[in-house]
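Encoded as C-alpha cells, the structure appears first; notes follow it.
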Amino acid sequence: MTVPNRTLNLIRSYSGRRALTTGVPPDSPVWALGRLNHVAIAVPDMTQASKFWRDIMRADRVSSVVAQPDHGVTTVFVDLGNTKIELLHPYGENSPIAGFLAKNKNGGIHHVCIDVPDIEAAMEWLKLKGVRSLAEKPKIGAHGLPVVFLHPKDCGGVLVELEEHRV
C-alpha cells in the first residue's frame with residue numbers, strides 16, 4: 001500500500017508535536033481522530049426540541065435557530081462546554097433530514113461529528129482503508145469549516161461527519 005505524499009508530509013510535520021502533547025508515538029498516523037465535536041439529533045419540532053434542552057435539561061447555552069439553506073436544514077446548537085448537541089430540522093423540499101424523519105417520526109440521533117486536523121489527509125487515508133466518503137471533496141459546514149460525511153455502511157452503521165480543526 002502506498003501512502004500519499006500529503007499524508008507523509010503531514011505525519012512528518014505534526015507527529016512530533018502530537019507525541020509531545022498526547023504521548024502518542026511520533027510515527028503513528030497524524031490525522032487521528034480528535035475530540036467529539038457534536039452529536040446531531042434530527043427533530044420533528046425545533047421549537048419543542050429547543051425548549052426541552054433549555055427548560056427541561058437545563059442547558060444554559062442554547063443558540064437561536066439558524067437556517068442552513070445550502071445544507072437543507074435549520075440548526076440549533078446546545079453547547080455543553082466539552083461538546084455540543086446539534087438539533088437538525090428540515091429546511092426546504094430537498095432536505096436530507098426529511099427522509100430521516102419520515103422513517104423516524106419522533107426524530108433521533110442522525111450523526112456524530114469528530115474533529116480531525118487535516119480533512120483531506122483523513123479522506124485519503126480512509127479511502128485507502130476502504131471507507132467511502134459521501135462526497136469527493138469536503139464542503140463548508142455549519143461552523144464555516146470543511147466537513148465530509150462517511151458512509152454509514154463503512155462505519156458500523158453510524159453516519160460520521162469529520163470536521164477540520166487545524167492544530
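Read-outs throughout are calculated quantities, based only on the coordinates presented, and are distinct from any laboratory measurement. Given the structure is predicted, the values throughout are model-derived calculations rather than measurements. Positions of Cβ are generated from backbone atoms using ideal geometry, with glycine treated the same way; all protein chains shown enter the neighbour counts.
Here are the numbers:
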read-out: Cβ-derived FRET efficiency at R0 30 Å, Val66 paired with Arg132, nearest 0.05; value: 0.55
read-out: Nearby lysines by direct alpha-carbon distance to Lys103 (threshold 21 angstrom, same-chain neighbours under 8 apart not counted); value: Lys153
read-out: Around Ile97: net Lys/Arg minus Asp/Glu count, Cβ-Cβ under 14 Å; value: -3
read-out: Proximal charge balance of Trp53 [Cβ under 12 Å; K/R count +1, D/E count -1]; value: +1
read-out: Cross-link pairs Lys51/Lys139; Lys84/Lys139; Lys84/Lys137 - those with Cα-Cα distance over 23 Å; value: Lys51/Lys139; Lys84/Lys137
read-out: Gained length - Lys51 relative to Asn104, 0.36 nm times residue gap less alpha-carbon distance; value: 17.0 nm
read-out: Principal axis dimensions, largest first and in whole angstrom, of region 80-167 by Cα; value: 37, 31, 23
read-out: Cα centroid of region 52-70 to Cα centroid of region 82-131, whole Å; value: 18 Å
